[in-house]
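Everything below concerns the one structure shown next.
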Protein chains: 2
Amino acid sequence: MDSPVSQIKFASADVSKDELDSSALFRPRFNGDGLITAIAVDAEDNTILMLAYMNAEALQLSLQTGIAHYWSRSRNALWKKGETSGNVQIISEIRTDCDQDAVILRVRTQDTGANCHTGRKSCFYRSLEIGDDGQVQLAFDQEDQPLFDPSKVYK
Amino acid sequence: MDSPVSQIKFASADVSKDELDSSALFRPRFNGDGLITAIAVDAEDNTILMLAYMNAEALQLSLQTGIAHYWSRSRNALWKKGETSGNVQIISEIRTDCDQDAVILRVRTQDTGANCHTGRKSCFYRSLEIGDDGQVQLAFDQEDQPLFDPSKVYK
């Protein structure tokens, strides 16, 4: 997904809903904080890996380099995923939805293949279960064990 | 996923990041608008169908009834998916992510199996392509054709 140009251009999102869902032009509809939602998916087995956000720069860099870049809302900074852990995400495809406020990234994760800061492959490692008292509990997915030790990687 | 109780209870999200990612209690972390992000996925073939939002009531109703309910930001109202089109989503599993601000719903969609308001199975029916001029264009997925005519369903 290498870009032949140094400058990636997006069309304006200031169009009707009908134009957004029928358009053959990418019109990313950033929210009030300048962000679009991004879902990263394993390109090989379709596991949903994580949900994150991108600003225009992160989206342009992801398209230009073929490597996933996000916007970290907690650090308020551009975030090249895997820069610390080595678990860089190589993008094979980006898709957008009908109203163009979200993207899916199909990725191949390098190194250990972990995508979650807990060291697991996926951030979605727990499923909901309703207890007898109505309290909703979480069951851990035993197949999704940490692939690295976060305390050693993030110092 | 029938609930044995009439009242679904969530634990408080006012805990540390470490507690959120290691907790065996569901602590949905609603944003400033009282919403959590929800990704609906086809339980059979793992296709990502749509991205939407839930408030606490939509999440409780989804858990109690086993049928996907969302919060419509455009209509500012509770939204039982498929109420008009018949394409109700039956939930087989709900998962949450490390910081508990997003959920995945694994669903089986009834009737035509469409989930997008355009009549398609998935809202993510277009992929991004970079043109020679740097303009990002969208290629339509020819396999994801409309399963119903929106002009006849939504009057």
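Please state which one of B:L59, B:L20, B:L49 is open to solvent by less than 30 Å² (accessible area, probe 1.4 Å), in contact with a Pro (Cβ under 8 Å, 6 or more places away or on another chain) and aliphatic (A, V, I, L, M).
Unique residue meeting the criteria: B:L59.
Taking B:Q145, is it modelled with pLDDT under 95 and of a type in the set (S, T, N, Q)?
Yes.
Mind counting the residues in the range B:122-155 that are touching a residue at least 60 places away in the same chain (Cβ under 8 Å) and open to solvent by 70 Å² or more (accessible area, probe 1.4 Å)?
Going through the range B:122-155 one residue at a time, the tally reaches 1.
Is there a residue in the range B:84-93 that is open to solvent by less than 10 Å² (accessible area, probe 1.4 Å), assigned to a strand (DSSP E or B) and within 9 Å of chain A (Cβ to nearest Cβ)?
no
Among the residues of the range A:76-89, which ones are out of contact with any Ser or Thr (no Cβ under 8 Å at 6 or more places or on another chain) and at pLDDT 95 or above? So that I can check it myself, show each step before the final result.
Here is the first cut: in the range A:76-89, the ones out of contact with any Ser or Thr (no Cβ under 8 Å at 6 or more places or on another chain) are A:76-77, A:80-81, A:83-84.
Those that are out of contact with any Ser or Thr (no Cβ under 8 Å at 6 or more places or on another chain) and at pLDDT 95 or above: A:N76, A:A77, A:K80, A:K81.
Using the structure shown, decide if B:Q100 is more than 14 Å from B:A52 (Cα to Cα) and open to solvent by 40 Å² or more (accessible area, probe 1.4 Å).
So B:Q100 does not fit the description; no.
Which residue pairs have Cβ atoms closer than 7 Å, lie 6 or more positions apart in sequence or on different chains, and pair a first residue in the range B:14-29 that is in contact (Cβ under 8 Å) with a residue 40 or more places away in the chain and over 18 Å from A:R73 (Cβ atoms) with a second residue that is assigned to a helix (DSSP H, G or I) and open to solvent by 50 Å² or more (accessible area, probe 1.4 Å)?
Between residues of the range B:14-29 that are in contact (Cβ under 8 Å) with a residue 40 or more places away in the chain and over 18 Å from A:R73 (Cβ atoms) and residues that are assigned to a helix (DSSP H, G or I) and open to solvent by 50 Å² or more (accessible area, probe 1.4 Å), there is no close pair.
I'd like to verify a number: residues in the range A:104-144 that are in a loop (DSSP other than H, G, I, E, B), more than 7 Å from chain B (Cβ to nearest Cβ) and farther than 19 Å from B:D99 by Cβ, how many?
8
Exactly one of these conditions fails for B:D111: (1) at negative phi; (2) open to solvent by 40 Å² or more (accessible area, probe 1.4 Å). Give me its number.
Failing condition for B:D111: (1).
What are the pairs with Cβ atoms under 9 angstrom where one residue, in the range B:32-51, is under 13 Å from B:K121 (Cα atoms) and charged (D, E, K, R) and the other, located anywhere, is open to solvent by 10 Å² or more (accessible area, probe 1.4 Å) and in a loop (DSSP other than H, G, I, E, B)? Sequence gap at least six, or different chains.
B:D42/B:G113; B:D42/B:K121; B:D45/A:N46
A:S72 passes all but one of (1) open to solvent by 10 Å² or more (accessible area, probe 1.4 Å); (2) among the polar types (S, T, N, Q); (3) away from chain B (no Cβ under 11 Å); which number fails?
The single condition A:S72 does not satisfy is (1).
State which residue is modelled with the highest pLDDT when the search covers only the range B:108-124 and only residues that are among the small types (G, A, S) and farther than 12 Å from B:G82 by Cβ.
Just the residues of the range B:108-124 that are among the small types (G, A, S), to begin with: B:113-114, B:119, B:122.
With the extra rule that they be farther than 12 Å from B:G82 by Cβ, the set shrinks to B:119, B:122.
Working: B:G119: 95, B:S122: 98.
Looking at residues that are among the small types (G, A, S) and farther than 12 Å from B:G82 by Cβ, I get B:S122.
The values are calculated or read from the model by the stated rules, or taken from the named source; none is laboratory data. Keep in mind the model is a prediction, meaning the values are calculated, not measured. Positions of Cβ are generated from backbone atoms using ideal geometry, with glycine treated the same way; all protein chains shown enter the neighbour counts. Ligands, DNA and RNA are excluded from the accessible area calculation, which covers all protein heavy atoms including side chains. Shrake-Rupley method; radii C 1.70, N 1.55, O 1.52, S 1.80 Å.
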